[in-house]
Amino acid sequence: MPVIDVHTHMFTTRWLELLKSEGGIYNIQTRPDGQQEIFRGNTPVVLPQLGHFDYDLRIKHMDAAGIDISIVSLTCPNVYWGNEDVSCRAARESNDNMAQAQTTYPDRIRWFTSLPWEYPDRAIEELDRTCRNGASGVMVLANVAGRSLTDPFFAPIWAAIDARGLPVLVHPTDPPGVDSMDMTKFDLSWSVGFMFDTTLAFARMIFEGFFDLYPNLKMIASHGGGTLPYLVGRFEKGDEVELAVRRQMKRKPTDYLRHIHYDCITYNPGALRYLISVVGADRVMFGTDWPHWVHDTKGSFANTEALPKDQCEAVRSGNALRVFGL
């Protein structure tokens, strides 16, 4: 069965140049090791690598690792910066580059579209355009410039995505308040902040009844769902003591956790096994986070290899074939 990587990223040179010139609070700083990193103010966000810009290098990596199909996406800070024109230009630049890559490597590359979420009408236009151009799903950050994904402002976009029944990869970025929480040191914004961002986004979706409003969405929680699986008991207890008049969801929190999809990027085999014990092997898909500095291609292969054969095949291949209709 083919190995399908649903969590892996690409940039373009023009996207990066646009960020440098029009990124507002986003800026480029040089690390002590000489590498240039994207920051939001003084908070590190992402460290561009050669593989982010080179599809030939990507294919070589895929061949060496044993990955058959990569579903690529833009990562943080996505296109949530600049004004309306800049955001739309950044989205088109990234999306058109990925569409071209799929044309060049039709058997190896699929892609998630990025949308200018801060401008709903334009976002829906870009969704329509990129779906016509072959996008397999949508990628969104766990907060859009500090705004919750469940904010009613985004409802028209979610309705349009739900009508298409598309997979949506939710990827973390630095959460609001990361500076005041002193997460700028030691990459705590990545190790702790990113997990918090994903967890909070999906917890809101669960308790606000988001999945009841948009039942056709195939939501994918990055990095093994952050801390969502670990909080299953706490979510259930919170629901148990909630006042009935305030309750917005129709099912139990665990039911929604088993409705969400996840990737296998946990960096730890025990964490992956625990995730599967909570949500089921049919909800987890293969991911590497390549070519990020912190990618775990070898770990993802090793951790899935340690699973029972049927679970390994489901995570590496079967679930993505079903979710993406490949």
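The values are calculated or read from the model by the stated rules, or taken from the named source; none is laboratory data. Computed from a prediction, not measured in an experiment: that's the story for all the values here. Heads up, the Cβs are rebuilt from the backbone with ideal geometry, glycines too, and the neighbour counts pull from every protein chain shown.
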### Task
Tell me, please, whether a residue that is small (Gly, Ala, Ser) and touching a strand residue (DSSP E or B) at 6+ places or on another chain (Cβ under 9 Å) can be found in the stretch 29-47.
yes
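Report yes if some residue within the stretch 277-284 is crowded, with 22+ Cβ neighbours inside 10 Å, at pLDDT 95 or above, in contact with a helix residue (DSSP H, G or I) (Cβ under 9 Å, 6 or more places away or on another chain) and part of a helix (DSSP H, G or I); otherwise report no. Walk me through how you get there before you give the answer.
Pass one, the stretch 277-284, residues crowded, with 22+ Cβ neighbours inside 10 Å: 279, 283-284.
From the residues that got through so far, the ones that are at pLDDT 95 or above too are 279, 283-284.
Filter again for in contact with a helix residue (DSSP H, G or I) (Cβ under 9 Å, 6 or more places away or on another chain), leaving 279, 283-284.
So of that shortlist, the ones also part of a helix (DSSP H, G or I) come out as 279, 283.
Checked against the condition, which is being crowded, with 22+ Cβ neighbours inside 10 Å, at pLDDT 95 or above, in contact with a helix residue (DSSP H, G or I) (Cβ under 9 Å, 6 or more places away or on another chain) and part of a helix (DSSP H, G or I), the stretch 277-284 yields at least one hit.
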### Task
Sort out which residues of the stretch 188-213 are within 15 Å of the chain's Cα centre (by Cα) and hydroxyl-bearing (Ser, Thr, Tyr), and write them in order of number.
198, 199
### For residue 40: the one exception among (1) buried (at least 19 other Cβ atoms within 10 Å of the Cβ); (2) more than 26 Å from residue 111 (Cα to Cα)
(2)
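Count, please, the residues in the stretch 125-138 that happen to be surrounded by fewer than 18 Cβ atoms within 10 Å (Cβ to Cβ) and either charged (D, E, K, R) or within 19 Å of the chain's Cα centre (by Cα) (or both). Quick ask: steps written out before the conclusion?
Step one: list which residues in the stretch 125-138 are surrounded by fewer than 18 Cβ atoms within 10 Å (Cβ to Cβ), which gives 125, 128-129, 131-134.
Applying the additional criterion that residues be either charged (D, E, K, R) or within 19 Å of the chain's Cα centre (by Cα) (or both) yields 125, 128-129, 131-132, 134.
Number of matching residues: 6.
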### Query
Between a first residue in the stretch 116-138 that is over 19 Å from residue 152 (Cα atoms) and assigned to a helix (DSSP H, G or I) and a second residue that is at pLDDT 95 or above and of a type in the set (A, V, I, L, M), which pairs have beta carbons less than 6 Å apart while being 6 or more apart in sequence or on different chains?
126/91; 126/115
### Query
Which residue pairs have Cβ atoms under 7 Å apart, sit 6 or more places apart or on different chains, and have a first residue in the stretch 44-64 that is in contact (Cβ under 8 Å) with a residue 60 or more places away in the chain and a second that is among the aromatic types (Phe, Trp, Tyr)?
45/39; 47/293; 49/293; 51/290; 52/11; 61/290
### Query
When you scan the stretch 285-326 for helices (runs of 4 or more DSSP H) that lie fully inside it, which ones turn up with 1 or more residues that are touching a helix residue (DSSP H, G or I) at 6+ places or on another chain (Cβ under 9 Å) and small (Gly, Ala, Ser)?
297-305
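Can you confirm whether the stretch 40-50 contains a residue that is among the polar types (S, T, N, Q), in contact with a helix residue (DSSP H, G or I) (Cβ under 6 Å, 6 or more places away or on another chain) and more than 17 Å from residue 113 (Cβ to Cβ)? Even if it seems obvious, please write down each step before you answer.
Of the residues in the stretch 40-50, the ones among the polar types (S, T, N, Q) are 42-43, 49.
Narrowing the set further to residues that are in contact with a helix residue (DSSP H, G or I) (Cβ under 6 Å, 6 or more places away or on another chain) leaves 43.
Adding the requirement that they be more than 17 Å from residue 113 (Cβ to Cβ) leaves 43.
The answer is yes; a qualifying residue exists.
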### Query
Which of the residues belonging to the stretch 210-231 are under 14 Å from residue 256 (Cβ atoms) and surrounded by fewer than 17 Cβ atoms within 10 Å (Cβ to Cβ)?
212, 213, 215
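Take the residues in the stretch 174-223 that are acidic (Asp, Glu) and touching a Leu at 6+ places or on another chain (Cβ under 9 Å); name whichever of them is nearest to residue 254 (Cα to Cα).
Restricting attention to the stretch 174-223, the residues satisfying the condition of being acidic (Asp, Glu) are 174, 179, 182, 187, 197, 208, 212.
Filter once more, so that each one left must be touching a Leu at 6+ places or on another chain (Cβ under 9 Å): 182, 197.
Numbers: 182: 32, 197: 19 Å.
Selected residue: 197.
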### Message
Any residue in the stretch 237-252 that is part of a helix (DSSP H, G or I) sitting within a Cβ distance under 7 Å of a residue that is surrounded by 10 or more Cβ atoms within 10 Å (Cβ to Cβ)? List the pairs, counting only those 6 or more apart or interchain.
### Response
239/252; 239/253
